[in-house]
Amino acid sequence: MNRKQRRAAPKLKVHMETAADLLTSGFRLHQSGRLTEAEACYRRVLSTHPNHPDALNLLGVVTHQTGRHDLAVEMLHRAIRQNGQNPGYFSNLGNVLYSQGKLDEAVAAYRHAIRLKPEFADAHSNLGVALKERGKFEEAIAAYRQAIKIDPMMAEAHINLGAALNEHDKHDEAVFTLRRAIRLKPDSAKAYYNLGVSLSKGGRLDEAIAAYHKAVSLKADFAEAHYNLGVAFKEIGELGESRKALERSIELAPMSTVSYRVLSDAKRFSSSDPHLAAMKKLARDIGSLSSEARIDLHFALAKAYDDVGDYEASFSQLLEGNSLKRQQITYDEVGAHSLFGHIQRSFTLERMRHNQGLGDPSNLPVFIIGMPRSGTTLIEQILASHPKVFGAGELGCLANEVARLLSSLGGAAVFPEAVFDIGTEKLRELGSSYVAAVRDLAATAERITDKMPLNFRFAGLIQLALPNARIIHVRRDPLDTCLSCFSKLFAEDQPYSYDLGELGRFYLAYAGLMDHWRRVLPPGVMLEIHYEDLITNVEIEARRAISHCGLEWSDVCLSFHENKRPVRTASAIQVRQPIYQNSVGRWRRYERQLRPLIDVLNANFQSG
């Protein structure tokens, strides 16, 4: 009998993926950058195990990486509630909090991770990042060092340590650290970038430029490296290369208004300039920019409008930029002016005569003083072109030595009152310490210039501590000086320069103090040069300056604009050019807008 045979149904083999399988699959996808698929795996785990701590942790990481930071924090807190002894959970939480700008909470999370696992190198390194962002550089450096002690091969910790050392002005150590980072990770653009910063801050600009070039060769779209390259080229006078690098920075980061500001100093705008058009476009949406970016844009636009002859628009931009900057500054005007009065009452003619010849006898230092933007950089450039002179730029050595001396005398010692109580030995020590500090900059130079303009406060102290040092005071028309200050965003804050009234009053206080120094300094110590005379008769004034320094004349001083020495002041562009006179009387273009300044200055004297 034909009967259909019944076949038994095959037994199905059902593979039930466990939570561990899903987490493993998700983690592999995560590592390969397939974040959406990885997240799906983690969520499948949580659909059956809603309190699985590893799934919550990994979901927190992936949502953080995809920009959902609030959700990431929620997931990581849930993971920690399930397992509060896992240091990785706390470290990941710290990473998310850091990205949200919650720096104190991030620091707390990293510290908790370290308490659970003291040898957690990543947590130490990340703690350093958060501390550095908080401005706690010493603690950040300690955290990076601990990470490196645990894992000497951690290139990222070396890179971060180098950056923190830069912020702490430990540039030589930063260079050593970053070169070590490069040996560990030779393809790191970030390491070369930070090395460039270290070398630049240490005055080694040619090496810095090479480092920035390497950074952009490894990462062509590294906008910050192109920007720093442009700044470095500007400082050595390679203006074409500077513009090229800054323009590339702008291409990569069109919202980077600081690049526009630096570029504006390195070029002259026309009304059809595409960069001017781009800045105008940014200005139409200026509310979307940070305060710092707005300030940079205002100063850049002011320069551009001045170039094209729209002085009304230019000054309007200056008012906006200076007003914003002034809001960021704490300036004790009463205290600043009071100090000048104390100086005049302390450094009397009788006291100056009584304390003559007590300091260090070195004739190495030449101090160039005056108001910022008065021509001090031009005088230094002329002097530094002499084969026996090293131009050191704006040094903080003197102020540092004064502070160190006062500190050694105890908390009650203050400048200027303490100067005449310290005794001969301390006065000579102050001069000797200053000479030793600047001698390290140029071992063979016969003269070293220090053109910190505000050293005009210390002219009397300079003469007592260094009686054979020379002082050159550069003077410029008061209104041109003040307008030039008002037109610049200084790298180092000049807190009095962002309000026309405060600027005028500071100028009067400065002028009053200089009148005092003329009365009490011995003849021949201080040479005064008028900027307007200098640019009209450059050789005559240059010869006076060289002679004042006790040196024979050298014709190379007249080719100062060809000198490739680094110049790091707001006048870096101008001193690369032959003498020009179109800056004289510039204030007249803005006479109506400068009325608040003119009124202040007219309270004491009439200008030009």
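Just so it is clear, none of the values below were taken in a lab; they were calculated from the coordinates. These figures come from a predicted structure and were not determined experimentally. Cβ sites come from the backbone with ideal geometry, for glycine too, and all protein chains shown count toward neighbours.
Test of understanding: among ARG447, ARG428, ARG439, which residue is over 30 Å from CYS557 (Cα atoms) and surrounded by 13 or more Cβ atoms within 10 Å (Cβ to Cβ)? Result of the check over ARG447, ARG428, ARG439: ARG428. From the list ALA208, ALA220, the one residue that fits, being in a helix (DSSP H, G or I) and either crowded, with 24+ Cβ neighbours inside 10 Å or at negative phi (or both), is ALA208.
Do we have any residue at all in the stretch 407-429 that's in a loop (DSSP other than H, G, I, E, B) and either in contact with a Lys or Arg (Cβ under 9 Å, 6 or more places away or on another chain) or touching a residue at least 24 places away in the same chain (Cβ under 8 Å) (or both)?
Here is the first cut: in the stretch 407-429, the residues in a loop (DSSP other than H, G, I, E, B) are 410-416, 422.
Next, from what is left, pick out any that are either in contact with a Lys or Arg (Cβ under 9 Å, 6 or more places away or on another chain) or touching a residue at least 24 places away in the same chain (Cβ under 8 Å) (or both): 415-416.
Yes, that holds for at least one residue.
Within the stretch 105-129, the set of residues being within 24 Å of the chain's Cα centre (by Cα) and over 20 Å from LYS170 (Cβ atoms) comprises just one member, ASN126. For MET255, the criteria (1) surrounded by fewer than 23 Cβ atoms within 10 Å (Cβ to Cβ); (2) part of a helix (DSSP H, G or I) hold in every case but one, which is (2). Selection of the stretch 44-69 for residues being without any contact (Cβ under 8 Å) to a residue 24 or more places away in the chain and either under 25 Å from TYR98 (Cβ atoms) or touching a His at 6+ places or on another chain (Cβ under 7 Å) (or both) yields LEU46, LEU59, GLY67, ARG68. Looking only at the stretch 499-545, count how many residues are within 14 Å of VAL474 (Cα to Cα) and in contact with an Asp or Glu (Cβ under 9 Å, 6 or more places away or on another chain). The qualifying residues number 10. Taking the criterion of being in a helix (DSSP H, G or I) and surrounded by fewer than 20 Cβ atoms within 10 Å (Cβ to Cβ), the residues of the stretch 238-252 that qualify are LEU239, GLY240, GLU241, ARG243, LYS244, GLU247, GLU251, LEU252.
Counting only helices (runs of 4 or more DSSP H) that fall entirely inside the stretch 288-377 and contain at least 3 residues that are buried (at least 22 other Cβ atoms within 10 Å of the Cβ), the qualifying elements are 291-307, 311-327.
Looking at TYR507, is it in contact (Cβ under 8 Å) with a residue 60 or more places away in the chain, out of contact with any Ser or Thr (no Cβ under 9 Å at 6 or more places or on another chain), in a helix (DSSP H, G or I) and of a type outside the set (Lys, Arg)? Talk me through it step by step, then tell me what you get.
Values: in contact (Cβ under 8 Å) with a residue 60 or more places away in the chain: yes; out of contact with any Ser or Thr (no Cβ under 9 Å at 6 or more places or on another chain): no; in a helix (DSSP H, G or I): yes; of a type outside the set (Lys, Arg): yes.
In short, no.
Screening the candidates ASN537, ASN455, ASN468 for the property of being under 18 Å from GLY393 (Cβ atoms) and polar (S, T, N, Q) yields one hit, ASN455.
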